[in-house]
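Asks: One structure is given below, represented as structure tokens, and several questions about it will come after.
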Amino acid sequence: MTGLHYQPVWRQLPYLLGGAAETVMLTVMAFAGGLALAIAIAIARREAANPLRKAAAGYVIFFTNTPQLSQIFAIFYCLPLLGLTFSPFLSVLLGMTLNAGAYMADIVGTEIASTPVLYHEAAATLGLGWRHTYRHIILPRALTRATRGLENHFLLMLLGSSMASIFGVEELTGRAYNIIALTFRSIEVISVVAVLYVVLSLVAAVVFARLWRLA
Amino acid sequence: MSFSHYDATLILRALAMTITLSVAGAVTGTAIGTALALLRFSTHALLRPLRLLVMLYVGLVRRIPFLIVLYGVFFATGMAGIDISPPLVALAAISLIGGAYISQIVYNGLCNVDTTQIEAAETTNLRRGTILRHVILPAALPGIVPPVLGYLVLFVKDTALASQIGVIELNQAGIILTNRGLPTYRIFVLVLCLYFLVSFPLTTLSRKMEKKLAASAT
Amino acid sequence: MPHLQLEHVVASHGGTDILRGTSLSIERGEIVSLIGPSGSGKSTTLRAAIGLMPVSSGRITVEGHALDANDPESLRRIRAGMAMVFQHFGLFDHMSVLANLMLAPVKAQGRNRMEARDEALSLLRTLDLEGIGDRRPTRLSGGQKQRVAIARALMLRPRTLLLDEPTSALDPGRLGIVLDLYRHLAARGTTIIQVSHNMEAVAAVSDRIVLMEAGRVAAMACGPHAADANEAVTRFMRHDVKA
Ligand SMILES: Nc1ncnc2c1ncn2[C@@H]1O[C@H](COP(=O)(O)OP(=O)(O)O)[C@@H](O)[C@H]1O
Ligand SMILES: [Mg+2]
């Protein structure tokens, strides 16, 4: 062993931090889109008429039982066949969003299902239609109760976003790979990047704690 | 170009690799995780430094992407001149990560056991090891098994990342066949279906088990 | 035409009949109290009257319209003139008291926010709940929750008010306030049906007392001294300290 040399890595730190920003952006966008999708799917799974309801249920089962990596590969290879060309970033964002939508539909759906019968009855006698009942009663309650699970999933997504590098997105892991190719300081780069991920996830946990206190 | 005998063999061997990695990872991950949790749950004063080490390990590793751990093990073994095959590198990485996650689950389960039960056992002068084996573990198991199963189901899908260090598992087989010019979408539909066939029964099983344990707990 | 009418209503839960031919006819502006032993079907009668409980035979009409729990459009139309206070309140715990009160008037009835807010504040004042508008229901006492639930129902300006044990958690002072409010509403044409175990309250406000037993109307007492007008009713009221 020739010993560890961190000098070349420190010089690239700003570049890595840029990658970290990209990682955060990718995760936050996929999380936001995934949450919106999850809410729609969770509602469809309970309320929609049959073909749509079954489709929503099938969607969740399919996406939670296959690897995200293969899903993104499928998107990456198949979209061009439909005449669509997405940038790597957009392809990965789409894949992560679809995947997150399925997992979070489960998380949100469990809480929706736990709505007390009395809430449904009270809403009905108040003359609230199903839209208002969902918008003002069922969803706010379900989402507040789902915060733990959603936060956990966000952290999993933050770590999972490293697979974007495989498709050429230059987020934190992608840039780590670039620096390794340049400097051959693989262990040094990987260890620094590991620390950066730990920091990102701790910061995310703190931000979430703040958010929940605000809400 | 059409699907040859050779291609079919490739896919099947890749499927076997995915299953092998998942099963082996489940075994080592559960073993490591349980050992670490028991260590962390111990009360012996001499083990204190070890407990802190375990806590640090569990706290950190669960905040590092699997891909980074995989690369880390890959480069570290390479640099140390240890000559091990890519599947073993993947297994090592899976065990490192799985051990951390599972140890957290097991530890939470142990902590959730009603303390009055433990105190009652302690007043009878039973040894700590005996209490652990006959009181705490049986009481904790219903809270541990379902989430561990749930986690292992997640892990089947994470083995797809092993493709990145050259392990020919399902996802990698899909890429190889695609690069050979076979129709992309068909290959990936096949790959996704095969993953589904492995994962779905496990998901169903863990859900059923969870329900059964929840029912028997009340 | 009676304001609310149940004719031979049969309703069941999981195969057992809970209402077994309940008949009841109530005039506009009447205050009717349902009394009877626990499990005799009082709550179920109210739930059937607002379409929360489907009816297997018989007929329910509200203001001349037949109620069909399986027809959402008819339900919506009929419920527009009704409100219910639940035994366990059913307040939405994730919203403030004021939000609970304003939700339906603003979202379902399309009323102006500020106007609804003023009305909510004035109702809270009437019910001796001044200053709790910003609190969550979880932070209230039982008696406060009960009055908030009453206020929420009154915000709908219902022509028919169904109350399931609406005074069980009130102290005598607040009970007086609530009973005065009932009389005031009834005098202005609101039809009120309450289930109650509080016999003083029943005697004080009822135009009619209906005794239920085993899913049927067993006896009925009317008039200004309803509590003494029927032997079976009087007997039940004397002896049923708790049911
Ligand atoms: N959701 C339900 N499932 C099964 N049985 C019910 C349900 N609700 C009420 N019942 C039964 O119906 C009967 C009448 O109930 P209820 O109308 O609440 O009586 P009351 O209000 O007079 O005490 C009781 O025997 C009760 O056990
Ligand atoms: Mg009742």
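Asks: Within the range C:28-51, how many residues are away from chain A (no Cβ under 14 Å) and more than 12 Å from ligand 1 (Cβ to nearest atom)?
Replies: 6
Asks: How many residues, within the range C:5-18, are under 21 Å from C:His65 (Cα atoms) and either within 14 Å of chain A (Cβ to nearest Cβ) or within 16 Å of ligand 2 (Cβ to nearest atom) (or both)?
Replies: 1
Asks: Count, please, the residues in the range B:189-218 that happen to be part of a helix (DSSP H, G or I) and modelled with pLDDT under 85.
Replies: Qualifying residue count for the region: 11.
Asks: Any idea which of A:Ile190, A:Ile179 is more than 10 Å from chain B (Cβ to nearest Cβ), crowded, with 19+ Cβ neighbours inside 10 Å, more than 28 Å from A:Ala38 (Cβ to Cβ) and not acidic (Asp, Glu)?
Replies: A:Ile179
Asks: Another question, then. Hey, can you tell me all the residues within the range C:63-76 that are touching a residue at least 12 places away in the same chain (Cβ under 8 Å) and assigned to a strand (DSSP E or B)?
Replies: Listed by number, the list holds a single entry, C:His65.
Asks: Would you point out which residue out of A:Leu69, A:Leu52 is aliphatic (A, V, I, L, M), within 9 Å of chain B (Cβ to nearest Cβ) and either outside any loop (DSSP other than H, G, I, E, B) or surrounded by fewer than 14 Cβ atoms within 10 Å (Cβ to Cβ) (or both)?
Replies: Residue meeting the stated conditions: A:Leu69.
Asks: Here's something else I'd like to know. If B:Ile32 satisfies every condition in (1) in contact with a Gly (Cβ under 7 Å, 6 or more places away or on another chain); (2) under 26 Å from A:Thr66 (Cβ atoms) but one, which is the exception?
Replies: So B:Ile32 meets the others, but not (2).
Here's the yes/no breakdown for (1) modelled with pLDDT under 80; (2) farther than 26 Å from C:Val10 by Cβ; (3) aromatic (Phe, Trp, Tyr):
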{"position": "C:Glu200", "(1), (2), (3)": "no, yes, no"}
{"position": "C:Asp228", "(1), (2), (3)": "yes, yes, no"}
{"position": "C:Ala232", "(1), (2), (3)": "yes, no, no"}
{"position": "C:Lys242", "(1), (2), (3)": "yes, yes, no"}
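Asks: Could you check how many residues of the range C:159-205 are crowded, with 22+ Cβ neighbours inside 10 Å, away from ligand 1 (no atom under 16 Å from the Cβ) and either within 14 Å of chain A (Cβ to nearest Cβ) or part of a strand (DSSP E or B) (or both)?
Replies: 4
Results for (1) within 16 Å of ligand 1 (Cβ to nearest atom); (2) free of Cβ contacts under 8 Å to residues at least 60 places away in the same chain, shown as yes or no for each residue.
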site: C:Pro2; (1), (2): no, yes
site: C:Leu6; (1), (2): yes, yes
site: C:Val10; (1), (2): yes, yes
site: C:Met53; (1), (2): yes, yes
site: C:Thr61; (1), (2): no, yes
site: C:Ile78; (1), (2): no, yes
site: C:Phe86; (1), (2): yes, no
site: C:Phe89; (1), (2): yes, no
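Asks: Oh, and also: Listed residues C:Ser96, C:Ser40; which is more than 20 Å from A:Glu121 (Cβ to Cβ), in contact with an Asp or Glu (Cβ under 6 Å, 6 or more places away or on another chain) and within 16 Å of ligand 2 (Cβ to nearest atom)?
Replies: Just a single option satisfies the conditions, and that option is C:Ser40.
Asks: Restricting the search to the range C:123-142, which residues are within 14 Å of chain A (Cβ to nearest Cβ) and surrounded by 18 or more Cβ atoms within 10 Å (Cβ to Cβ)? Talk me through it step by step, then tell me what you get.
Replies: First pass over the range C:123-142, keeping only residues within 14 Å of chain A (Cβ to nearest Cβ): C:136-138.
Matches in the range C:123-142: C:Pro137 only.
Asks: With respect to C:Ala120, determine if the residue is over 19 Å from C:Gly215 (Cα atoms), buried (at least 22 other Cβ atoms within 10 Å of the Cβ) and more than 16 Å from ligand 1 (Cβ to nearest atom).
Replies: yes
Asks: Looking only at residues in the range A:111-123 that are crowded, with 20+ Cβ neighbours inside 10 Å and more than 7 Å from chain C (Cβ to nearest Cβ), which one is nearest to C:Gln109 (Cα to Cα)? Give the derivation first.
Replies: Our first condition is that a residue be crowded, with 20+ Cβ neighbours inside 10 Å; within the range A:111-123, this holds for A:111-112, A:122-123.
Narrowing further to those that are more than 7 Å from chain C (Cβ to nearest Cβ): A:111-112, A:123.
Details: A:Glu111: 28, A:Ile112: 25, A:Ala123: 13 Å.
Out of the qualifying residues, it is A:Ala123.
The values are calculated or read from the model by the stated rules, or taken from the named source; none is laboratory data. Predicted model only: the values in this text are computed from it and were never measured. Cβ: placed from backbone, ideal geometry, glycine included. Neighbour counts: every protein chain shown.
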